[in-house]
Amino acid sequence: MFEVLVYVYENYWQGAACPEAPQLGRKLSAAGFEAEEIEAALSWLDGLQLAAQHLRPASQAGTAQADQAVHASHPVLPQSADSLRVYSVAEREHLGADALGFLVFLEAAGVLPPHMREIAIDRAMAAPGEPLLLDDLKIIVLMVYWSFGEEPDALVLDELCDDSTDRLAH
């Protein structure tokens, strides 16, 4: 599934340019991906789109009545400076120490706002693998940025795309 997500990101890095699911499925099939991988990725992407629509902060919301109705029933309030995200046992087990540490790092660096963190956690919980591989979490975070039509700054993008196995400790 993650290979499909990387392909979608690389080929449709402007999220608005991404075709609808049926057409995207045909394009992915033509690119050589297995039907099972395509189905899993399309389902995951559908969940990402729904989560992004429901958790988009009011400052990014559109002016359409539908957006206003969603935000009236599911307002996203800014996180206070004193708040703390407590992870459930299921989240800790599924994400694992490396992925949790990376999420905390991104949030502490100020590059992963709380609403995007929650979507990343939601989509990570919907992903296969226990514990989730750190490289898979990085793809998930990249896709969360993509779903909001944002590109992370260069240093964050480098961290998300970097293969840490090639690093040498000094």
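The values are calculated or read from the model by the stated rules, or taken from the named source; none is laboratory data. These numbers come from a predicted model, not from an experiment. Cβ sites come from the backbone with ideal geometry, for glycine too, and all protein chains shown count toward neighbours.
Checking each residue in segment 136-151 for being over 15 Å from Tyr7 (Cβ atoms) and of a type in the set (Asp, Glu) picks out Glu150, Glu151. Screening the candidates Glu118, Glu151, Glu130, Glu159 for the property of being free of Cβ contacts under 8 Å to residues at least 60 places away in the same chain and out of contact with any Asp or Glu (no Cβ under 9 Å at 6 or more places or on another chain) yields one hit, Glu159. Here Met125 fits the description: touching a residue at least 12 places away in the same chain (Cβ under 8 Å), hydrophobic (A, V, I, L, M, F, W, C), farther than 17 Å from Ser83 by Cβ and surrounded by fewer than 21 Cβ atoms within 10 Å (Cβ to Cβ).
Within segment 68-96, residues that are on the phi < 0 side of the Ramachandran plot and modelled with pLDDT of 85 or more sit with their Cβ atoms under 9 Å from residues that are among the small types (Gly, Ala, Ser) and surrounded by 12 or more Cβ atoms within 10 Å (Cβ to Cβ), at 6+ positions apart or across chains, in these pairs: Glu91/Ala124; His94/Ala124; His94/Ala127; His94/Gly129; Leu95/Ala124.
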